[in-house]
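What follows is calculated from the coordinates using simple rules that are stated; it is not laboratory data. These numbers were taken from a predicted model, which means no experiment stands behind them. Note: ideal-geometry Cβ built from the backbone for every residue, glycine included; neighbour counts use all protein chains shown.
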């Protein structure tokens, strides 16, 4: 009877009046408890634009009641509708949607007079903040249950043919459920299959609750609904047994290719049941325009709203446009060149600056990353070397001392990429660019260092199972990678095709701008003569291999311009590079590249 539950209220948008109702013990067509909107309740006069598509059954019923005179314009509250009789709906969410004129969760919207949500009164364990779930609908025979059963019958199910008929209940502990699965599936499932089944059953039976969202991919589309009741067991006509929950499905699916990248990443996990709560805002925003969300957000007074959360989550990562002032600060010849680099990063999200030593690759990477990311706190730099490994870069077991016992044990520890990815994907950061700079990227064995992450550099909309933690991981859409490569250390031609496919390559060479004229621009800014630039140009003219030409940064230091600084720099920095270049060759480096020889070459002819 209705008196078993208290009266619930729902405050209408824009500080409007109240709707009132009661939860009924009788169940609707899909198994959810019915809800009665009481006579005298107020309802919104109009609907949001997406209501008819997202909640068609409620929209049709609302229009029917308006046509039949059950919902009429209110005399006491002009501009609102009023129920002239009690209205029984199939679920609390259907009732909330009808009075609000928008897709709504009745388990959170209907509240008692003292503020407790209706969900607190449902006999369901683990009630709390709403979640969103992925449930896959393919059975052992390969049939698509989404189309054949779930959508037509308004449910979601999980196979349980070998699970015992008695003793399995929603409130049981995970450990008790594990023992049952070990016994019932011992001869028919592997250890890893039994482990996964325990996780799926525990989520389906004991963690899911009415009011949670559910997503099911089928036929290249994603179907979205709301769980409206508790888990029950059902034996089908063919003898198979399933666990089922009633679901209020939206009428149409959303094309998979049009889904936000963050949602595609989560949907690619290899589980039959998975928690999608981290991308719940993206799911909630499907089918709703930014204008509609902004309008709904304006209906709330103070604080944040679900609509604001959706707008924030859907906000695309934008990289600011480099200005002429920034180009002048970096002594880059043209801001258009920086904008092209920005566009490459926006499109590819991975980029490598390559060139000879001293061309400013690392400096430019750091300055550009800090500018595009909005500060140094969103930039992390690592340097690769031949012994660098996956465990150093991403995650691995490392010895750590327990602060209490002082004993040393191996513990799973995050590396710089995992730390930055977790920071970039945390709530509030997902629309802010974050940058990982990998200095000397070609000095490490990339396949060894990246491991399974190498796949993610090319397929950003997918996730992979991690080697050590076993977590499902995807590179956040707002994580960008800038590498630097010294071509004197290894020629760009030796980089394998897999790496070329995953990165955009930008050359920084004394042959081309912005490196070619960088030293002259710096000398002009420092009000110094042009001799150093003339010497460098003549030096590089004598070096036949462009990968070994010398960059200007060697001559852009204050120490070079103290007494004897130029000679000291040439003797200790530049000539050793060229001796290595000509190692094993009969070349007199000092005679060919020494300062005296170069100065003679650039000296003006006698008058």
Exercise. Which distance in nm do the two modelled labels at residue 334 and residue 505 give, with both placed 7 Å along the Cα-to-Cβ direction?
Worked result: 2.3
Exercise. The stretch 433-483: percent of C-alpha pairs farther apart than 18 Å?
Worked result: 35
Seminar exercise, completed: Rounded to whole angstroms and listed largest first, the alpha-carbon spread of the stretch 302-433 along its three principal axes comes to 58, 55, 23
For this session: Please tell me the relative contact order of the stretch 2-121 in percent, rounded to the nearest whole number, where contacts are Cα pairs under 8 Å and at least six residues apart.
Result: 29
Exercise. Of all DSSP beta bridges in the chain, what percent run antiparallel (nearest 5)?
Worked result: 70
Seminar exercise, completed: Computed over the chain: longest principal axis from alpha-carbon atoms vs helix 191-202 long axis, angle to nearest 10 degrees, is 50
Exercise. What spacing in nm lies between the two simple spin-label points modelled at residue 512 and residue 343, each 7 Å away from Cα in the Cβ direction?
Worked result: 1.5
Exercise. If one computes P(r) from the Cα atoms of the stretch 2-121, what percent of pairs lie at distances over 17 Å?
Worked result: 50
For this session: Give, to the nearest whole percent, the P(r) tail of the stretch 131-236 beyond 18 angstrom, counting all Cα pairs.
Result: 51
For this session: Write down the Å³ per residue value for the convex hull defined by the alpha carbon atoms of the chain.
Result: 234
For this session: Per residue, how big is the convex hull around the C-alpha atoms of the stretch 518-602? Give it to me in cubic angstrom, could you?
Result: 91
Problem set entry | Simple label model, 7 Å out from Cα along Cβ direction - residue 143 to residue 68, nm | 3.5
Exercise. Looking at the square roots a ≥ b ≥ c of the eigenvalues of the Cα gyration tensor of the stretch 28-91, which shape do they give, rounded for a/c under 1.5, prolate if a/b is larger than b/c, or oblate?
Worked result: oblate
Seminar exercise, completed: Computed over the chain: longest principal axis from alpha-carbon atoms vs helix 361-373 long axis, angle to nearest 10 degrees, is 30
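Counting only C-alpha contacts under 8 Å and six or more residues apart, can you give the relative contact order of the stretch 324-507 as a whole percent?
After rounding, I find 31 percent.
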Exercise. Could you work out the helix-only [θ] at 222 nm for the chain, with each DSSP H run of four or more residues adding -39,500 (n - 2.57) and the total divided by the number of residues, to the nearest 500 deg cm²/dmol?
Worked result: -8500 deg cm²/dmol
Exercise. Roughly how large, in nm² to one decimal, is the mean projection of the convex hull of the alpha-carbon atoms in the stretch 324-507?
Worked result: 12.1
Seminar exercise, completed: Note on the stretch 518-602: contact order normalised by length, alpha-carbon pairs under 8 Å, 6 or more apart, percent, works out to 31
Exercise. Counting other C-beta atoms within 10 Å, which of 38, 282 has the fewest, and how do the rest follow?
Worked result: 38, 282
Exercise. Using alpha carbons only, how many degrees (0 to 90, rounded to 10) separate the axis of helix 416-425 from the longest principal axis of the chain?
Worked result: 40
Exercise. To the nearest 0.05, what FRET efficiency results for residue 412 and residue 171 with a Förster distance of 30 Å applied to their C-beta separation?
Worked result: 0.40
